[in-house]
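The values are calculated or read from the model by the stated rules, or taken from the named source; none is laboratory data. Please read these numbers as outputs of a predicted model, since none were measured by experiment. For neighbour counting, all protein chains shown are included, and Cβ atoms are generated from backbone atoms with ideal geometry for every residue, glycine included.
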Amino acid sequence: MHITMIGGGYVGLVSGACLAAFGANVTIIERDTQRLDCLQAGQVPLYEPGLEALITQQQQAGRLTFTQDLAPPLRDSQAVFIAVGTPTRRGSGHADLSYVYAAARMIAAHAPDNLLVVTKSTVPVGTGRQVAHILRTTRPDLTFHIASNPEFLREGHAINDFMQPDRVIIGLEDEAQTASHARTLLEALYAPLHTPQNRLIFMGIESAELTKYAANAFLAMKVTFANEMADLCEATGGHIADVTRGMGLDPRIGPAFLTPGPGYGGSCFPKDTQALATSARQAGTPTQLIETTIAANEARKRRLAERIIALAGHNITHYTIAVLGLSFKAHTDDIRQAPALTILPLLHEAGATLRVYDPQAMNAARPLLPHDISYARNALHAAEGADMLLILTEWPEFAALSPADIAPTMKGRLIVDYRQIWQQNDWQKVGFNYHGLGYKI
Ligand code: UGA
């Protein structure tokens, strides 16, 4: 089967490489010349474990190619996936759909008859129908099949998530039609998954679009709930780890996404909660839970910055804070909406000297942080002479450090761990003052 994937970004690259590994012939369209050159040379311009190796392997096998020109590969394709960005439009919570609609118009210009057009980007409810409208009004001479196939990949685990999904959601124009062309083609494409058939979940296009947003918004809400319970534990003497373990053993709740942290970030939860809240407001059914989640998450990052300043003794003009972790979570170089981007400027504004280290995200963070922050070679270098050590990302290499590594390099004895990577006791017994989340100090 020949597939064209429009967009050589995160979703397009992972989906394209994995579909090639399933045996499809995949051409990824990337408009940016510099990025295209990188990809053609087998270099992946983002950090995702295993992706570069998979892409190289599929390129060598002749199943994966990159090009700028949509027309030639599209002519021979049975399906085209739209995997372009849908960022938040400035000044509003709306998803910017201009790239999606531009892709639809390009497809219309070069499509063969009987093409299946699949939206893979995260798009607000109603977008799939709009794509269908663009295609059919531009090219009434052709037959198009339309589907929505949102992705549920987590950064840092994307290949595994694609190869072994909990479910594959497929929205069809006419879900009642059990033997449609779109359904047959997508079943064939995902056949190598070896997941039980019922993991391919067919539904209407609107439901598929909403499923993606609802899942992300629910998870964002779950994390925010854990963060609020952590605050309550701190105020009342409970311990969040015990509370979430007790809650999570109830299968109706489940243990995942109940670890408190400095607030959720990334390119998905913040953008998708905003977009869902906006769609709901427009539809006249505002989602109060999501709106509150968004506000609570924003407030949390600022409140934690204030708490750090208070822990440091309020006057922090001659105070050095070593910061471990900048990315919004471990195993990614993604800095988008990371708590560090809110917390560090506030600490800097209060006068602290900041020395930061992240194994992957320093290049991405540099232009977004105050210019006189210094960047360390490694975690121990960041800690040298510091008054406080602040953990913002749960990288395993930080968790592997012990008090014996850190104590000789630091000047002060204060650890603020907002990712629960260490045990409080291990530090307290060697004289450190250790502040985590979700228990009374
Ligand atoms: C998220 C979803 O998990 C994926 O299913 C989805 O496909 C993806 O968005 C997307 O829409 O493309 P991702 O943004 O990679 O994936 O990150 P998550 O692993 O979900 O973490 C999101 C945020 O929540 C991070 O800031 C993380 O630190 C935080 N988090 C997560 C917590 O603070 N506590 C938890 O227990 C779990």
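Side notes on the structure shown:
- Total residues in the range 83-121, condition of a type outside the set (Ser, Thr, Tyr) and in contact with a Gly (Cβ under 7 Å, 6 or more places away or on another chain): 3
- The criterion of at least 2 residues that are over 22 Å from Gly266 (Cβ atoms), over 25 Å from the mean Cα position of the chain (by Cα) and not assigned by TED's automatic domain parsing to the domain that holds Thr273 is met by the following helices (runs of 4 or more DSSP H) wholly inside the range 107-194: 127-138, 181-189.
- In the range 146-161, the residues that are of a type in the set (Ser, Thr, Tyr) reach residues that are more than 8 Å from the ligand (Cβ to nearest atom) and in a loop (DSSP other than H, G, I, E, B) with C-beta atoms within less than 9 angstrom, at least six apart or across chains, in these pairs: Ser148/Lys120; Ser148/Val123.
- The range 336-365, residues that are more than 16 Å from the ligand (Cβ to nearest atom) and touching a Lys or Arg at 6+ places or on another chain (Cβ under 9 Å): Leu346, Tyr357
Yes/no matrix, rows are residues, columns are (1) touching a residue at least 60 places away in the same chain (Cβ under 8 Å); (2) within 13 Å of the ligand (Cβ to nearest atom); (3) within 29 Å of Gly85 (Cβ to Cβ):
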| position | (1), (2), (3) |
| --- | --- |
| Ala217 | yes, yes, yes |
| Thr224 | yes, yes, yes |
| Gly238 | yes, no, no |
| Thr244 | no, yes, no |
| Ala256 | no, yes, yes |
| Pro260 | yes, yes, no |
| Gln274 | yes, yes, yes |
| Thr278 | yes, no, yes |
| Gln282 | no, no, yes |
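- Selection status of Phe328, in contact (Cβ under 8 Å) with a residue 40 or more places away in the chain and outside any helix (DSSP H, G or I): yes
- Of everything listed in (1) surrounded by fewer than 16 Cβ atoms within 10 Å (Cβ to Cβ); (2) closer than 29 Å to Val131 by Cα; (3) at pLDDT 95 or above, the single unmet condition for Ala217 is (1).
- Tyr213 vs. criteria within 14 Å of the ligand (Cβ to nearest atom) and within 26 Å of Asp417 (Cα to Cα): no
- Comparison of Asn363, Asn425 shows that the only residue that is farther than 28 Å from Thr224 by Cα and assigned to a helix (DSSP H, G or I) is Asn363.
- If you check Ile309, Ile316, Ile321, Ile294 for being buried (at least 18 other Cβ atoms within 10 Å of the Cβ) and farther than 25 Å from Ile441 by Cα, only one passes: Ile294.
- Just one residue in the set Ile294, Ile290, Ile321 is away from the ligand (no atom under 16 Å from the Cβ) and not in a loop (DSSP other than H, G, I, E, B); that residue is Ile321.
- Only a single item in (1) within 16 Å of the ligand (Cβ to nearest atom); (2) buried (at least 23 other Cβ atoms within 10 Å of the Cβ) is not met by Lys329, and it is number (2).
- Subset of the range 238-259 that is hydrophobic (A, V, I, L, M, F, W, C) and over 15 Å from Lys222 (Cβ atoms) - its residue that is surrounded by the most Cβ atoms within 10 Å (Cβ to Cβ): Ala241
- Thr393 passes every criterion in (1) farther than 26 Å from Thr224 by Cα; (2) under 27 Å from the mean Cα position of the chain (by Cα); (3) buried (at least 16 other Cβ atoms within 10 Å of the Cβ) apart from (1).
- Exclusive hit being at pLDDT below 95 and of a type in the set (Asp, Glu), set Asp76, Asp96, Asp113: Asp96
- Qualifying residue in the range 314-327 (condition: aromatic (Phe, Trp, Tyr), within 17 Å of Val416 (Cβ to Cβ) and under 24 Å from the mean Cα position of the chain (by Cα)): no
- Being at pLDDT 95 or above, part of a loop (DSSP other than H, G, I, E, B) and either among the aliphatic types (A, V, I, L, M) or touching a Ser or Thr at 6+ places or on another chain (Cβ under 7 Å) (or both) holds for only one residue in Leu344, Leu354, Leu390, Leu401, and it is Leu401.
- Near pairs, Cβ below 6 angstrom, 6+ apart or cross-chain, from the range 73-93 (closer than 11 Å to Pro112 by Cβ and surrounded by 23 or more Cβ atoms within 10 Å (Cβ to Cβ)) to any residue that is modelled with pLDDT of 95 or more and among the hydroxyl-bearing types (Ser, Thr, Tyr): Ser77/Thr4; Val80/Thr4
- Meets criteria (assigned by TED's automatic domain parsing to the domain that holds Asn315, farther than 29 Å from Ser267 by Cβ and touching a residue at least 40 places away in the same chain (Cβ under 8 Å)) for Leu414: yes
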